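Trainee: I'd like to ask you about the structure that follows.
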Amino acid sequence: MSRMATVNDVTESVFIRACRRESTPYTPVWFMRQAGRSLPEYRKVREGVDMLTACRTPELVCEITVQPVRRHAVDAAVFFSDIVVPLAAVGVDVDIVPGTGPVVGSPIRTMADVDKLRDLTPDDVPYITEAIGLLRAELGGTPLIGFAGAPFTLASYLVEGGPSRTHAKTKAMIYGAPDVWNALCERLTAITTTFLRVQVDAGAAAVQLFDSWAGALSLHDYLASVEPHSARVLTGVADLGVPRIHFGVGTGHLLAAMADAGADVVGVDWKTSLTDAAALVGHRALQGNLDPCAVFAPPPVMSTMVRRVLDDAEAAQGHVFNLGHGVLPESDPDALTRIVDLVHEHSTRS
């Protein structure tokens with residue numbers, strides 16, 4: 001039976017306790033991209049509304065964020081937004097093109113381009129504060145996760161001009177113009193830190209830093225050109241006292257470094273077992289890591305896969321169940337609800 005949050009103090013919720021590596025009566029679960037295209041109610045409220053407009057409309061953000069909590073009884077809500085929202089707020093010509101993703105009108109390639117990128121202030125994103133105010137009233141004891149894109153992933157979009165399979169232009173800048181690269185990442189570090197602080201100041205109970213493309217890097221390049229910037233973001237919100245989750249895709253070889261960047265919880269994709277991950281991250285909780293395609297498996301198979309993740313997580317000092325990446329748009333919402341029920345049922349402790 002799924003459990004709706006009943007604790008009024010979100011700092012004592014099962015999700016936050018798991019992030020702090022404290023004992024919990026059962027394993028908490030939420031899904032990356034749980035508020036999105038897999039839900040018919042989401043598609044209905046998004047009809048005729050472009051993504052950036054939706055992200056700037058507090059009432060719509062509130063409704064979309066709460067939808068999966070109502071439907072699935074997940075243990076945490078994740079703020080509905082997009083990693084390019086703070087970039088658009090500081091004047092970057094960026095659009096979220098359906099079927100493609102973020103597309104930047106004028107890619108950044110030179111120091112002069114970097115100099116045009118100004119800092120973010122809370123006044124640039126008043127809709128964030130307003131939306132979270134609405135959510136605090138709606139969510140009650142269910143904690144809200146704020147999030148932002150990590151400097152490397154944001155920089156990749158800005159340099160490439162959009163999504164890339166090879167990140168060739170990004171790596172060319174890292175190797176051939178490290179001064180430009182570091183200046184860009186330093187500017188993005190400040191923007192990202194402010195964006196996360198605005199969310200926590202408004203009421204977010206945890207934050208997740210997404211470094212979606214970090215898996216494209218070698219460990220050497222990550223440590224030299226990326227980790228210092230992510231570390232400054234995570235350090236920049238440490239005084240706020242909320243759990244900090246750090247996640248990337250294809251980052252099995254980077255998990256120890258991502259943990260050392262300052263994470264309290266390390267997100268693990270579906271390609272690395274939680275047992276192996278636990279040996280790499282030290283005294284930190286883990287998040288993950290069911291294959292997003294498990295929702296398409298027959299129920300008995302899906303149940304076995306859920307149990308396997310829970311079994312692997314026994315090696316972790318704390319565990320938040322999640323997919324190993326985001327919910328796929330074609331996922332059956334009922335299958336996601338069953339996963340929540342299975343996690344709660346199989347992890348209940350006497």
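Just so you know, all these numbers are worked out from the coordinates, no wet-lab data involved. Please read all numbers here as calculations on a predicted model, not as lab measurements. Because the Cβ atoms are built from the backbone with ideal geometry, glycine has one as well, and the counts that use them run over all protein chains shown.
Trainee: Any chance you could check the Cα centroid distance between region 215-233 and region 294-350 for me, in angstrom?
Mentor: 30
Trainee: Report the extension gain between Thr235 and Glu186 in nm, rounded to one decimal, defined as 0.36 nm multiplied by the number of residues separating them, less their alpha carbon distance.
Mentor: The span from Thr235 to Glu186 would gain 16.3 nm if fully extended.
Trainee: Points 7 angstrom from Cα along the Cβ direction at Arg118 and Glu345: gap in nanometres?
Mentor: With each label point 7 Å from Cα toward Cβ, the separation is 5.6 nm.
Trainee: A further question follows. Go through Ala155, Pro333, Thr194 and say which Cα lies farthest out towards the positive end of the charge dipole of the chain; charges sit on Cβ, +1 for Lys and Arg, -1 for Asp and Glu.
Mentor: The Cα lying farthest towards the positive end belongs to Pro333.
Trainee: Please compute the net charge surrounding Pro300, taking Lys and Arg as +1 and Asp and Glu as -1 over other residues with Cβ under 14 Å from its Cβ.
Mentor: So the surrounding residues net to +3.
Trainee: Can you give me the distance in nm between label points at Asp332 and Ser218, each placed 7 Å from the Cα along the Cα-to-Cβ direction?
Mentor: 4.5
Trainee: Which net charge results when you count Lys and Arg as +1 and Asp and Glu as -1 among the other residues whose beta-carbon is under 12 Å from that of Pro102?
Mentor: Computed value for this residue: -4.
Trainee: Grab the other residues whose beta carbon is less than 15 angstrom from that of Gly203, score K and R as +1, D and E as -1, and report the net.
Mentor: Cβ neighbours under 15 Å give a net charge of -2.
Trainee: Moving on. In whole Hz and in residue order, list the ³J(HN,Hα) couplings for region 33-49 that follow from phi through the Karplus curve 6.51 cos²θ - 1.76 cosθ + 1.60, θ = phi - 60°; x for Gly and Pro.
Mentor: 6, 5, 9, x, 5, 6, 9, x, 5, 5, 4, 5, 6, 8, 4, x, 10
Trainee: Starting at the first residue of region 104-114, write each ³J(HN,Hα) from the Karplus equation 6.51 cos²θ - 1.76 cosθ + 1.60 with θ = phi - 60°, in whole Hz, x for Gly and Pro.
Mentor: Ordered by residue, 3J(HN,Hα) equals 9, x, 10, x, 8, 9, 10, 5, 5, 5, 4 Hz.
Trainee: Using just the Cα positions, wrap the chain in a convex hull and report its mean projected area in square nanometres, one decimal place.
Mentor: The directionally averaged projection comes out at 15.8 nm².
Trainee: Another question, if that's okay. Which whole-Hz couplings ³J(HN,Hα) result when phi for each residue of region 244-258 is put into the Karplus expression 6.51 cos²θ - 1.76 cosθ + 1.60, θ = phi - 60°, listed in order with x for Gly and Pro?
Mentor: Per residue, the Karplus-derived 3J(HN,Hα) values read 10, 9, 10, 9, x, 9, x, 10, x, 7, 10, 4, 4, 5, 5 Hz.
Trainee: Please state the charge dipole magnitude for the chain, taken about the Cα centre, from unit charges on C-beta atoms (+1 on K and R, -1 on D and E), reported in debye and rounded to the nearest 20.
Mentor: Approximately 360 debye in magnitude.
Trainee: Also, I was wondering about something else. Taking neighbour Cβ counts within 10 Å as the exposure measure, how do Ile128, Ile174 sort from fewest upward?
Mentor: Neighbour counts put them in this order, fewest first: Ile174, Ile128.
Trainee: What's the exposure ranking of Cys55, Cys293, going from fewest to most Cβ atoms within 10 Å? Show your work: numbers first, answer last.
Mentor: Numbers: Cys55 25, Cys293 14.
Least to most surrounded, the residues fall as Cys293, Cys55.
Trainee: Can you give me the distance in nm between label points at Asp311 and Ser23, each placed 7 Å from the Cα along the Cα-to-Cβ direction?
Mentor: Simple spin-label model gives 2.6 nm for this pair.
Trainee: Please work out the C-alpha center-to-center distance from region 125-204 to region 37-90 and express it in whole Å.
Mentor: For region 125-204 versus region 37-90, the Cα centre distance is 17 Å.
Trainee: Among DSSP bridges having both ends in region 10-347, what percentage is antiparallel? Round to the nearest 5.
Mentor: About 15 percent, rounded to the nearest 5.
Trainee: Amide H of Gln287: which non-local residues (sequence gap of 5 or more, or other chain) have their own amide H closer than 5 Å, using H built in the peptide plane?
Mentor: Val266, Gly267, Val268, Val320
Trainee: Also, I was wondering about something else. Rank the residues Arg284, Arg165, Arg197 as a footprinting-exposure proxy: fewest other Cβ atoms within 10 Å of their Cβ go first.
Mentor: Going from least to most buried by this count: Arg165, Arg197, Arg284.
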